[in-house]
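First up is the structure itself, then whatever we jot down about it.
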Amino acid sequence: MRAKPTVVIGLGNPLMGDDGVGLELLGYLREHWSFSTDVVFVDGGTWGMNLLPTIEDAGRVLFLDAVNAGQPAGTPVRLERNRIPRWLGLKLSPHQIDLKEVLALAELRGTLPRQVVVVGIQPERVEMQVGLTPAVESGLDRAAELALATLERWGHRAVRENGVAIYA
């Protein structure tokens, strides 16, 4: 039996301003680093319940998203599994209810991976507009570092686009 992959899921709606930061962060990681084949990147957008099979088939899940944690705009946020439903419940985005329900359903079915983390950025504006605010865009590097550190703790190797190993 093969090991289940680590799945990195970018969430959000790029038409709702800072809500699109999860997808932006997903693209940022893909563009600047290479990972072993046991790390799978998924553009989860606003898929909602359609993410259930992806989550259930994962060994670990790292969500990338806008997270309203009551911090200054652009602040990176990292949440462990036991804090995710409460925090995601505070968000204002088209996928908040669906994601909360997906996580609850996977947990009820006993298929939610033990290791689930959300890395995100405190949004400034979640409203109809394309693109991130400057404050949120300025948090991309620090949020990427949190995501990379999480993947490192899980035993994955990231190699920067210039060939330098960041984590081994």
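The values are calculated or read from the model by the stated rules, or taken from the named source; none is laboratory data. Values in this document were obtained by computation on a predicted structure and should not be read as measured data. Note that each Cβ is placed from the backbone with ideal geometry, even for glycine, and that neighbours are counted across all protein chains shown.
The number of residues in the range 108-153 being farther than 19 Å from Pro76 by Cα and surrounded by fewer than 15 Cβ atoms within 10 Å (Cβ to Cβ) comes to 8. Residue pairs whose Cβ atoms lie under 7 Å apart, sitting 6 or more positions apart in sequence or on different chains, and linking a residue in the range 4-28 that is within 17 Å of Thr75 (Cβ to Cβ) to a partner that is among the basic types (Lys, Arg), are Gly17/Arg125; Asp18/Arg125. No other residue among Leu99, Leu112, Leu79 is at pLDDT below 95 and part of a helix (DSSP H, G or I) apart from Leu99. Quick check: anything in the range 25-41 touching a Ser or Thr at 6+ places or on another chain (Cβ under 7 Å) and under 23 Å from Pro123 (Cβ atoms)? No, the range 25-41 contains no residue that is touching a Ser or Thr at 6+ places or on another chain (Cβ under 7 Å) and under 23 Å from Pro123 (Cβ atoms). For the range 1-43, filtered to residues that are aliphatic (A, V, I, L, M) and over 28 Å from Met128 (Cα atoms), the residue that is farthest from the chain's Cα centre (by Cα) is Met1.
From the residues in the range 105-159 that are of a type in the set (S, T, N, Q) and in contact with a helix residue (DSSP H, G or I) (Cβ under 8 Å, 6 or more places away or on another chain), which one is farthest from Thr37 (Cα to Cα)?
Residue satisfying both the conditions and the ranking: Gln129.
Is it fair to say Gly70 is out of contact with any helix residue (DSSP H, G or I) (no Cβ under 8 Å at 6 or more places or on another chain), modelled with pLDDT of 90 or more and on the phi > 0 side of the Ramachandran plot? Here the answer is yes, as Gly70 does meet what is asked. The residues in the range 47-66 that are in a strand (DSSP E or B) and in contact with a Ser or Thr (Cβ under 7 Å, 6 or more places away or on another chain) can be counted, and the count is 3. Would you mind stating whether Thr46 is over 10 Å from the mean Cα position of the chain (by Cα) and under 19 Å from Val126 (Cβ atoms)? Criteria met by Thr46.
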